[in-house]
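Okay, structure first, notes after.
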Amino acid sequence: MAKLIARPAARLSGRVRAPGDKSVSHRALMFGALALGETNISGLLEGEDVLATAAALRALGAEVEHLGTGLWRIRGFGVGGGREPGDVLDLGNSGTAARLLSGILASHPFTSFMTGDASLRSRPMQRVIEPLSRMGARFEGRDGGRMPLAVIGTDEMVPIEYRLPVASAQVKSAILLAGLNTAGETTVIEPEATRDHTERMLRHFGAEVRVSPAEGGGKRITVVGWPELKGRDIVVPGDPSSAAFAVVAAAIRPGSDVTVENVGVNPLRAGLYECLREMGADIAFENPREVGGEPVADLRVKGGGLKGIEVPAERAPTMIDEYPILAVAASCAVGTTHMLGLAELRAKESDRLSSVAAGLAANGIRHEMGADSLAVHGTGAPPDGGGLVKTHLDHRIAMSFLVLGLATREPVAVDDGSPIDTSFPGFADLMNGLGAKIEPA
């Protein structure tokens, strides 16, 4: 285990570039593999999660070449053209890879096996197993559908119309990916909007994707089966979930002035920035533009005082990964921040809600945790700090509490910083370049 410690920092300043968006990176590789011809990707996140996806696609028969930092070329096998992998597909810590690949594997007429690290093996897969089984695939796994998981696929999938019981872009994407190799039209109904990278990118590669209002609210997303996807170039924007750490670090240190370049600001991913603005953070979206079908901007943040707010449950799908770092911002604000609708956090890399609450407790921060809520009481003064936070192999817990340590009275340590490389290689170096003090303990 690589224990890390963050010491209080006076102020942060400088310009940095966010690493490539993890969600877009996974999809760029997968859709490149499902396309015919050549796909060139620039700005790909080269964290362990995305590299696991690249390795899995190679095992399925795609040619996946690394050409240089962030530069990749894929020659795809086409929709339904994957080959049976010769070994178990190890997806490391990546729930995105596991759930999206399930949709691809389910629609191929062979049996494949998926596993991952201890964290991923504990995460529920039943939410994708259920709709994909309705379409005709079969699955054998541990109790609750947990990995290791056998996917017994078929090329005679049946199209379905499926209403998501829980807002999940991963489940939606798995069904749409299975629908590519299914005759007819496959439809997902989402009661609440979730990130729409899959729909945007499928269109970019030439699939027919229709989005319309659903009866009773929400959206119907329909994909038409058996498209001929063609290789396309993809520029991956910076990851808003990764940019969040530098943004919050600057916002909670008075006198800071930090610009994070090239950040994806898709409205369905920007809930954290909406919250920070409501809390009084000075955040400007500079140089707005569109890159690869995704809205992008440079985020300039100046440090100052924050105040507590109420974060409504309906905002959760737009910032589900950012609640740990929002809890850090709330710890440094004046007043109470109430976060509602957090049940989904319990099914992430760790039970993130419990992990956040335990980290707050370890650092003397008053809070109350409910079944799907968290209230954090800030005083505006620096929190005590001085705690050791258990990360439970969760990269976002590790990074969030290291950011907290920049603003506390006493340093904050995390028991294992090694999972950070799954999503943000070079995190400590980037933060230290802005004036942070993050180092091995």
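The values are calculated or read from the model by the stated rules, or taken from the named source; none is laboratory data. Since the structure is predicted, the reported quantities are computational estimates derived from the model, not experimental observations. We place every Cβ from the backbone using ideal geometry, glycine too, and count neighbours over all the protein chains shown.
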Exercise. If only one of 138, 127 is among the basic types (Lys, Arg), out of contact with any His (no Cβ under 8 Å at 6 or more places or on another chain) and touching a residue at least 40 places away in the same chain (Cβ under 8 Å), which one is it?
Worked result: 127
Problem set entry | Among the candidates 146, 200, residue that is closer than 27 Å to residue 116 by Cα and among the charged types (D, E, K, R) | 146
For this session: Find the residue count for segment 35-85, including only residues that are among the polar types (S, T, N, Q) and either closer than 24 Å to residue 120 by Cα or outside the structural domain of residue 154 (by TED's automatic domain parsing) (or both).
Result: 1
For this session: Could you pull out the residue among 223, 158, 211, 260 that is within 22 Å of residue 321 (Cα to Cα) and of a type in the set (Val, Ile, Thr)?
Result: 260
Seminar exercise, completed: Here, strands (runs of 3 or more DSSP E) confined to segment 129-247 with at least 1 residues that are under 23 Å from residue 22 (Cβ atoms) are 146-152, 185-190, 209-213, 219-224
For this session: Considering each of 15, 73, 27, 99 in turn, give the residue that is closer than 30 Å to residue 304 by Cβ, in contact (Cβ under 8 Å) with a residue 24 or more places away in the chain and charged (D, E, K, R).
Result: 15
Problem set entry | In segment 271-291, the residues that are part of a strand (DSSP E or B) and either of a type in the set (A, V, I, L, M) or under 22 Å from residue 193 (Cα atoms) (or both) | 283, 284, 290, 291
For this session: Taking residue 51 as the residue in question, decide whether it is more than 17 Å from residue 424 (Cα to Cα) and part of a helix (DSSP H, G or I).
Result: no
Exercise. Yes or no: residue 45 assigned to a loop (DSSP other than H, G, I, E, B), within 15 Å of the chain's Cα centre (by Cα) and aliphatic (A, V, I, L, M)?
Worked result: yes
Problem set entry | Hits in segment 383-420 (condition: modelled with pLDDT under 95 and surrounded by fewer than 19 Cβ atoms within 10 Å (Cβ to Cβ)) | 418
For this session: Please work out if residue 89 is closer than 23 Å to residue 199 by Cα and in contact with a strand residue (DSSP E or B) (Cβ under 8 Å, 6 or more places away or on another chain).
Result: no
Exercise. Can you tell me how many residues in segment 59-87 are surrounded by 15 or more Cβ atoms within 10 Å (Cβ to Cβ) and either on the phi < 0 side of the Ramachandran plot or of a type in the set (Val, Ile, Thr) (or both)?
Worked result: 14
For this session: Provide a single number: the residues in segment 292-311 that are buried (at least 19 other Cβ atoms within 10 Å of the Cβ), of a type outside the set (Gly, Ala, Ser) and not in a loop (DSSP other than H, G, I, E, B).
Result: 7
For this session: Kindly provide the set of residues from segment 320-340 that are among the hydrophobic types (A, V, I, L, M, F, W, C), in contact with a strand residue (DSSP E or B) (Cβ under 6 Å, 6 or more places away or on another chain) and more than 14 Å from residue 304 (Cα to Cα), ordered by number.
Result: 327, 339, 340
Seminar exercise, completed: From the option list 407, 413, single residue qualifying as assigned to a strand (DSSP E or B), closer than 19 Å to residue 436 by Cβ and in the same structural domain as residue 351 (by TED's automatic domain parsing) is 413
Exercise. Does segment 102-132 hold any residues that are within 14 Å of residue 177 (Cα to Cα) and not β-branched (Val, Ile, Thr), and which are they?
Worked result: 102, 103, 105, 106, 107, 108, 131, 132
For this session: State whether the residues of segment 197-206 include one that is under 28 Å from residue 283 (Cβ atoms), free of Cβ contacts under 8 Å to residues at least 40 places away in the same chain and in contact with a strand residue (DSSP E or B) (Cβ under 7 Å, 6 or more places away or on another chain).
Result: yes
